[in-house]
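Below you'll find the structure, written out as C-alpha cells, and then a few comments.
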Amino acid sequence: MSVEILINTSPSETRVALIEQGLLQQIYIERNNRRGPVGNIYLGKVVRVMPGMQAAFVEIGLEKAGFVHAADIMVRGPDGFELVPQPGGTIESLLREGQMLVVQVAKEPIASKGARLTTFLSVASRYLVCMPHNRHLGISQRIENEPERERLLAALSSAVTAEGVLDQSGFILRTAAEGVSDIELQSDIRFLRRVWSAVQQRIEECKAAGKIRIIYDDLVLYVRAMRDLLTPQVERIRIDDARVYDEVVRFASDFIPEIADRIELYQGERPLFDVFGIEDEIQKALARTVKLKSGGNLVVDQNEAMTTIDVNTGAFLGSHNQEETIYKTNVEAAKAIARQLKVRNIGGIIIIDFIDMQDEEHKRQVLRTLQKALEKDPARTRISPMSELGLVEMTRKRTRESLRQMLCQECHVCQGRGSIKTAETVCYDIFREIMRVARNYENRGLLVIASQGVVDRLLDEESATVVDLEQLTGKRISVKVEAFYVNEQFDVVIS
Ligand SMILES: [Zn+2]
C-alpha cells in the first residue's frame, strides 16, 4: 500500500499529513505561537541563587528565566548510578551563580512565572519515556485496565532485557502504549537509545561552546511526526521547506538512517497540499455532511458529550433490491466513518446510526467492516454490538484536540446550536415584546430595531399584524434595520 507523509511549513504553522492510497488519513497541525517548551533540554546559566526559596533562576534563552528547586537537582546516588536528589542539599551548596547547567523544562511557563526546570533528564518516544541513570520500570496511571497494566509491564521488562538495556535506563509506559506489542516496545527502546546518545553528544558540544543553547527540542512537529508516523510502509516523505528538509534529513540520518533516501524536497509551483488535495480534505473534515460515492451521506454532529453520526441513503430507493442498496451504503459509510474519525481526530463517545437493515448477516458484515477499518487507527477504539435500533456505540481515545477544536470557534450567530430561529419566530417574539413594553410605558410610539430579514418580514408578511398591534396598543410602531444584528437580535424601544 502506498503511504506518504507530506510536511507543509509556513512561518506561523506546520502541517503534517499522512496519506494512504492518495487519501488523507491523519492531519497534524501545529501553530508556532502555541508551542510550549515542555520536554526541551537546554544548556542554561544559573543567574540567581535564592537560599530563602531553596531555588535558583536559570537563564535558558526563553523570555523569562526558568527556576529550579533544590529537590530537582540530581546527583549520583549511593550506588554510583542512579540519580537522586542530594539528601539535605541546600540550593547554595548545589549551585553557584554563573554556573552552566543542563536542564529540562518540566512545566510550562505560566503568566508571570518562568518555566519550572529539572536536572532529571528524560526523553520520550511514542510509547515510552526513557530515564537514563535510573532503573525504574513504570506505567502511566491513566492506563486503568489491570490485566493490560500487567501485560504491558511484563512486555516492557522482556523488551528491556532483549535490547540489553536492563539496569541501564528506566522506562515508563505512556498512556499511548495501551495495546502495543513487545516488538513495538523494542523498536521504541532502540529509538530512545539513539536519541539519548545524540543528546549526550550535543550536551558535550554545547558545554564546550559554553553558551546558553537548546540541546533537544521535543516538540517540533515534524520531528514528532517522524517519530510517531514513520512505519516501514512509508514510501515517501515530501517537505516543501528547505530548512525543515535539512533538519528532517539530519534527524533521519541520526535516528532512522534506513529512510533517508525516501525524503524529498518538494519544489513544485503549486502548493504541496493543493497538489495532493489535502486543503480540500481539511475543508471536508470540518463540514457537517460527508458525501458518499453511493449517493448517500454521513451527517456528523460533534457535541460536547458525544459525537453522533447519521448514515443516510441519497438517491430514491425503488422497492427492488432496497436491502442490497442499503447494505452497500452502510458498508461504504463504515469505511468512511473510520477515516473521518481519524482525520477529524474525534475522541470520546461516538454513536453511529446506520440505515436500518433486515438481514442479520448484513448487520454483522457492516459491523465487521467498521471494526476492520478501525484496526489501523492509532487511537484506541472500542465498539459495541449493533443495538436493536441499528445503533452502534463506540469510544475512541481522546488524544490531541480535535481538528475542529483546533481550527474553529463557536459560531456567534447560533452560539454553537447549529440552527437559529426563523424570521417568523423572531417576529412573534417581537410582538410579545411590543405588548410588554406598551403596557409599561405611556409614550406614543415604539421603534423596533432588528436584522434586515426580520424587518423585511415585518413590513411584508406580518404587516397586517403590525397594524392590528398599533390599534390594540394605541401606539405607532416603526421599524429600523440594524445591519450588525444577526437574525435573533432585536430591540423594542420607546420613541
Ligand atoms: Zn451557527
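The values are calculated or read from the model by the stated rules, or taken from the named source; none is laboratory data. Just so it is clear, the model here is predicted, and its values are computed rather than measured. Positions of Cβ are generated from backbone atoms using ideal geometry, with glycine treated the same way; all protein chains shown enter the neighbour counts. SASA here: full protein model, heavy atoms, side chains in, ligands and nucleic acids out. Shrake-Rupley method; radii C 1.70, N 1.55, O 1.52, S 1.80 Å.
Of all DSSP bridge pairs formed entirely within the chain, close to 75 percent run antiparallel. Solvent-accessible surface of protein heavy atoms, probed at 1.4 angstrom with all chains present, puts Lys328, Lys342 in the order Lys328, Lys342, largest first. Here's how it looks for Ile215: its modeled amide H is under 5 Å from those of Ile41, Tyr42, Leu43, which are all 5 or more places away or on a different chain. Tell me, what is the FRET efficiency for His133 and Glu424 to the nearest 0.05, using R0 = 45 angstrom and their Cβ-Cβ distance as r? Between His133 and Glu424 the formula returns 0.05.
Stretching the chain fully between Lys372 and Glu205 yields a gain of 55.2 nm (0.36 nm per residue, less the alpha carbon separation). Each Lys and Arg Cβ is given +1 and each Asp and Glu Cβ -1; about its Cα centre, the chain then shows a dipole of about 1320 debye. Gain on full extension, evaluated as 0.36 nm per residue between Ser2 and Val467 minus their Cα-Cα distance, stands at 160.4 nm.
Here the accessible area is traced with a 1.4 Å probe on the protein chains. For the chain, carbon and sulfur cover 50 percent of it. Distance between the pseudo-spin-label points of Asp167 and Asp182 (7 Å out from Cα toward the beta carbon): 2.1 nm. In the complete set of protein chains, residue-level accessible area for His69 is approximately 60 Å², probe 1.4 angstrom.
The order of Asp359, Asp261 by accessible area, most exposed first and with a 1.4 Å probe, is Asp261, Asp359. Solvent-accessible area of Leu153, all protein chains in place: 60 Å² (probe radius 1.4 Å, heavy atoms, ligands and nucleic acids excluded).
From most to least packed by mean Cβ count within 10 Å, the peptides 231-237, 19-25 give 19-25, 231-237. Ordered by solvent-accessible area of protein heavy atoms (1.4 Å probe), largest first, the residues Glu144, Glu304, Glu424, Glu150 come out as Glu304, Glu144, Glu150, Glu424.
Near the amide H of Asn345, within less than 5 Å, lie the amide hydrogens of Leu403, all on another chain or at least 5 residues away, with H placed in the peptide plane. Between helix 242-255 and the chain there is an angle of about 50 degrees, using the helix long axis and the longest principal axis of the Cα atoms.
Taking only Cα atoms, what is the 0 to 90° angle, nearest 10, from helix 182-209's long axis to the longest principal axis of the chain? Orientation of helix 182-209: about 70 degrees from the principal axis. The 3J(HN,Hα) values that the Karplus relation (6.51, -1.76, 1.60; θ = phi - 60°) gives for segment 409-422 are, in residue order, 10, 4, 5, 7, 6, 10, 6, x, 6, x, 8, 10, 4, 6 Hz. Gly and Pro appear as x. The mean sequence separation of alpha-carbon pairs under 8 Å and at least six residues apart, normalised by the residue count of the chain, gives a relative contact order of 11 percent. The Ser197 and Arg151 beta-carbon pair, evaluated with R₀ = 41 Å, returns a calculated FRET efficiency of approximately 0.90. Solvent exposure of the chain amounts to 53 Å² per residue of accessible area, where only protein heavy atoms count and the probe is 1.4 Å.
Annotation: Lys107 carries an accessible surface of approximately 120 Å², with a 1.4 Å probe and no ligand, DNA or RNA atoms counted. The C-alpha atoms of the chain define a longest principal axis, and helix 322-344 lies at about 50 degrees to it. Backbone phi angles across segment 130-139, fed through the Karplus curve with coefficients 6.51, -1.76 and 1.60 (θ = phi - 60°), yield HN-Hα couplings of 9, 10, x, 6, 7, 10, 7, 10, x, 9 Hz in residue order; Gly and Pro are listed as x. Straight Cα distances below 28 angstrom link Lys291 to the lysines Lys328, Lys335, Lys342, Lys363, Lys372, Lys376, Lys397, Lys421, with same-chain residues fewer than 8 positions distant left out.
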